[in-house]
Amino acid sequence: MSRDKIIIHDESYLWCNGCEQYKHVTCFAHKIDGPHGYNSRCKKCRKEYNDRHKEQIKVYQTQYDIDSKDSKKEYYYVRFEQKRFDYMQTSAYNKAVKLGVKVEFVNYREIFERDGLTCYLCEQYIDPNDISFDHVIPFSKGGNHTKSNIKICHLSCNKLKGSDILWEG
Ligand SMILES: [Zn+2]
Ligand SMILES: [Zn+2]
């Protein structure tokens with residue numbers, strides 16, 4: 001057994017790196033990747049440590065929030081994957097070619113990078129599951145399949161807009 005855990009009468013005692021003594025296991029909080037699944041400091045020492053380092057922890061957490069924003073964006077890429085973008089961009093491209101409007105190759109991931117997760121129609125945040133791409137000026141109104149004419153929006157907003165066009169049609 002390693003030196004940070006001892007067992008007396010079936011009871012576990014863990015070494016605390018803070019107060020440097022063995023303490024009963026119930027004095028420690030669980031931590032999945034900690035030694036034996038617990039924190040290396042007892043609850044009391046952790047509280048003291050946190051109180052002493054309040055400011056640093058606050059700074060660290062703020063920084064963490066900023067950093068994780070980017071990784072969140074990264075996560076969305078992986079989740080939607082090129083696959084879904086590819087599918088949408090190919091079917092729109094084919095439709096445009098069929099209708100004979102002006103066409104340029106548009107990479108939907110680039111649109112996503114440009115627009116982020118904000119719907120251009122309602123200007124609200126878009127849940128990644130609800131992403132859609134819309135031709136701002138529809139083909140029926142002389143719009144083209146070009147990067148500047150395509151924007152990211154909610155699937156629901158896109159459908160709503162689509163039905164308007166049908167009405168006018
Ligand atoms: Zn302690
Ligand atoms: Zn919207």
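The values are calculated or read from the model by the stated rules, or taken from the named source; none is laboratory data. Given the structure is predicted, the values throughout are model-derived calculations rather than measurements. Every residue, glycine among them, receives a Cβ derived from its backbone with ideal geometry; neighbour counts consider all protein chains shown.
Give segment 127-154 a look and list any residue that's aliphatic (A, V, I, L, M) and modelled with pLDDT of 90 or more, or say none. Correct list: 136, 137, 150, 152. The set of residues in segment 1-37 being more than 17 Å from residue 49 (Cα to Cα) and among the aromatic types (Phe, Trp, Tyr) consists of 13, 22. Scanning segment 97-112 for residues that are surrounded by fewer than 15 Cβ atoms within 10 Å (Cβ to Cβ) and of a type in the set (Val, Ile, Thr) returns a single hit, 97.
Annotation for segment 82-101: no member residue is outside any helix (DSSP H, G or I) and touching a Cys at 6+ places or on another chain (Cβ under 6 Å). Residues that are more than 16 Å from ligand 2 (Cβ to nearest atom) and surrounded by fewer than 18 Cβ atoms within 10 Å (Cβ to Cβ) within segment 113-143 comprise 113, 114, 137, 138, 140, 141, 142, 143, listed in sequence order.
Is it true that some residue in segment 102-114 is among the hydrophobic types (A, V, I, L, M, F, W, C), within 21 Å of residue 145 (Cα to Cα) and within 17 Å of the chain's Cα centre (by Cα)? The answer is yes; a qualifying residue exists.
In segment 121-141, the residues that are more than 16 Å from ligand 1 (Cβ to nearest atom) reach residues that are modelled with pLDDT under 90 and among the β-branched types (Val, Ile, Thr) with C-beta atoms within less than 7 angstrom, at least six apart or across chains, in these pairs: 138/165; 140/165. If you go through segment 32-46 and keep only what is under 13 Å from residue 4 (Cβ atoms) and either loosely packed, with under 14 Cβ neighbours inside 10 Å or among the β-branched types (Val, Ile, Thr) (or both), you end up with just 37. All of 48, 104, 81 fail the test of being modelled with pLDDT of 90 or more and closer than 30 Å to residue 153 by Cβ, apart from 104.
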